[in-house]
1. Gain in length, PHE91 to ASP200, computed as 0.36 nm per residue apart minus the alpha-carbon separation, to one decimal in nm?
2. Kindly provide the helix-only [θ] at 222 nm of the chain, computed as the sum of -39,500 (n - 2.57) over DSSP H runs of four or more divided by all residues, to the nearest 500 deg cm²/dmol?
3. Relative contact order for the chain: what percent, with Cα pairs under 8 Å and sequence separation of 6 or more?
4. Pop out the ³J(HN,Hα) list for the stretch 212-228 in order, Karplus 6.51 cos²θ - 1.76 cosθ + 1.60 with θ = phi - 60°, rounded to Hz; leave Gly and Pro as x.
5. Quick one: what are the phi-derived ³J(HN,Hα) couplings along the stretch 427-444, Karplus 6.51/-1.76/1.60 with θ = phi - 60°, whole Hz, x for glycine and proline?
6. Once neighbouring chains are kept in place and the probe is 1.4 Å, which whole percent of the accessible area of the chain is contributed by carbon and sulfur?
7. With each label point set 7 Å from Cα along the Cα-Cβ vector, what nm distance links LYS351 and GLN377?
8. What is the distance, in nm, between label points placed 7 Å from the Cα along the Cα-to-Cβ direction at THR369 and at GLU283?
Amino acid sequence: MPGARANKIMSDKLKGNLWGGRFKGAADPGFAEFNQSFGFDRRLFEVDVRASIAHCEGLAAGGVLTANDSEQIRSSLTTILERGRTDAGYFSETPAEDVHSFVEARLVEMIGDAGRKLHTGRSRNDQVATDLRLWLRDEIDQITNRLRNTQQALLSLAEANRAAVLPGYTHLQRAQPVLFAHWCLAYFEMLARDRARLADVRTRVNVLPLGSAALAGASHPIDRDALARLLGFDAVSPNSLEAVSDRDFCIEFTGAASLIMMHLSRLAEDIILYATAEFGFFELSDAIATGSSLMPQKKNPDSMELVRGKAGRVFGHLTGLLAMMKGLPLAYNKDMQEDKEALFDTVDTVKACLDVTGTVLANLRLNETKMRAAATQGYLNATELADYLARKGMPFREAHETVGRIVMHAIEQQVELNDLSLDDLRSFSSLIEQSVFESLSLEQTLATKSQTGGTSPERVAEELILARTRL
């Protein structure tokens, strides 16, 4: 019977069950399916093989593996990696609990006992933490590139429309005119902060947990610093207990991703609003809009509406990860299997939304006539008149009140401020002179905003050059 039991255990190993030795009975089929994660964590396949090759190197360097065993393992893992990259059916040939047991089972199938030695000094706890960090590090780099591409799209749009003007809003009420390029650069800056945040998150992602084993650390001579160098990690986790139970890096990344999505959602909302007939500033090309199943005249900004909607999806993942971790005792708990689907979907969603946003920006057409008309109607130069009076020596609060009365008069006359006569204006203050009309012009209204960060053509031109340099 011992031989039969050993054969059963080995059979379980080949099926991808790495923990059957302690158990006499089979797992309930429903529970086994519930327990599996291979359906989604198989995307960690490549990083799992890379980390396994590095672990093999560490075991060989520490004298745990013979040269022959380590060479067999490395060669076979390389073959497994190539097979996984080129044969989509490879993953459906045998069942597996997770990607880690899948790789090990394939290795044992190929080289037998030598493959069973690979897990020496390693637990799935530090293995999955290492894989997840490797995977996320690569994805952060890809998202960073996509952020840069979206910034590039904003910058190109700004450079192509340097003279375009649109009304700036507060409380969604027309406030002061700004250059369209200034509007583009506002979102450019948001995405610049997102890139900086991701770079900061990456430093905490890029810490090696491998060598922590299950929770107490490895008892075999493995040079963790050498492993870190081999896998491109900047540091080694200093506490094994914490290393296998840490998912801060997932939560922190999802928090940074939530900010990216919030910024994309705000940009989407502006585009959606400005593309309405009520605003009429933008038109979405046919490439990034949809129609109505009932109303033939419709052109709907579905691309931007989906980006706006998917922001809530990512926010939900952040909340879910926090809730999942908040009550867990040290060290690893199976609850933490729930980190992956939230993390994977966050990455997929952010990448897709950045790609679509860049496409929308590249296919955006401006109606400069409507934009300029909106920027010169509705008393958007009222602050300029108050500043004019302040420069003449009137206290600003008094100037503000005076201009408020002038605006009321203009509203009654149904004209703009610069359509009032000089006599009309002087009836409110003798400080007003003929030069006021130059101050009230759109060009002067923009030009006076010449301090750093302002919307004057001079400042915006400088910011465009600086932004291009930063990219």
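The values are calculated or read from the model by the stated rules, or taken from the named source; none is laboratory data. Here the structure is a predicted model, which is why all the values come from computation and not from measurement. When we count neighbours, we look across all protein chains shown, and the Cβ atoms used for this are built from the backbone with ideal geometry, even at glycine. These accessible areas exclude ligands, DNA and RNA; they are computed on the full protein's heavy atoms, side chains included. Shrake-Rupley method; radii C 1.70, N 1.55, O 1.52, S 1.80 Å.
1. Value of the extension gain: 35.7 nm.
2. Rounded to the nearest 500, the figure is -20000 deg cm²/dmol.
3. 15
4. Once rounded to whole Hz, the list reads 7, 6, 6, 5, 9, x, 7, 9, 10, x, 10, 7, 5, 5, 5, 4, 4.
5. These are the phi-based 3J(HN,Hα) values: 5, 9, 6, 6, 6, 6, 10, 4, 4, 4, 5, 5, 5, 8, 5, 4, 4, 6 Hz.
6. It is 53 percent, rounded to a whole number.
7. Distance between label points: 4.6 nm.
8. Label at THR369, label at GLU283, 1.1 nm between them.
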